[in-house]
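I have placed the structure first, in the form of structure tokens, so that the comments after it can refer back to it.
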Amino acid sequence: MQSIKRDLSFGLTASALVFACALAWGSPFVGTESRAAARQEPQQAQAPQDETKASKSATFTGTVVKSGDQFILRDSSGQVYKLDDAESAKPYEGKAVKITGKLDEQAKLIHVESIEGTEA
């Protein structure tokens, strides 16, 4: 009977020590997931606001250039933007244009609404 009590007390002591170390170390198994999720909630709430800012139409000017299978817009500073509508860009290849669309800043992609030629 004493050996069972000794083994049980040893097991409980070892478990308590492991739990205390996990808390001190910040183990992912002990409650840090809920704290991490709580920290991420404000960031997720801000993301739609950023998307609404990027969803406004803007006007871009430059030259349409073919790059592989895609068409890109190269502006006067040399900055390049991918165009999502190859069919509407194709007739303007090598020409100066004014593009109205929405810019996806991360992908450097313009969602084309309209393209019209300009005189350079």
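The values are calculated or read from the model by the stated rules, or taken from the named source; none is laboratory data. What you are looking at is a predicted structure, and each value in this text was computed from that prediction instead of being measured. As a convention, Cβ positions derive from the backbone with ideal geometry for all residues, glycine included, and neighbour counts pool all protein chains shown.
Results for (1) on the phi > 0 side of the Ramachandran plot; (2) at pLDDT 65 or above; (3) in a helix (DSSP H, G or I); (4) out of contact with any strand residue (DSSP E or B) (no Cβ under 7 Å at 6 or more places or on another chain), shown as yes or no for each residue.
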residue: LYS5; (1), (2), (3), (4): no, yes, yes, yes
residue: LEU8; (1), (2), (3), (4): no, yes, yes, yes
residue: THR13; (1), (2), (3), (4): no, yes, yes, yes
residue: PHE19; (1), (2), (3), (4): no, yes, yes, yes
residue: ARG39; (1), (2), (3), (4): no, no, yes, yes
residue: PHE60; (1), (2), (3), (4): no, yes, no, no
residue: SER76; (1), (2), (3), (4): no, yes, no, no
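Scanning the range 89-120 for residues that are in a helix (DSSP H, G or I) and within 15 Å of THR61 (Cα to Cα) returns ALA89, TYR92.
Mind listing just one residue for me: the one in the range 79-88 that is surrounded by 15 or more Cβ atoms within 10 Å (Cβ to Cβ) and either at pLDDT below 90 or over 27 Å from the mean Cα position of the chain (by Cα) (or both) and, of those, nearest to LYS56 (Cα to Cα)? Ranking the qualifying residues of the range 79-88, first place goes to ASP85.
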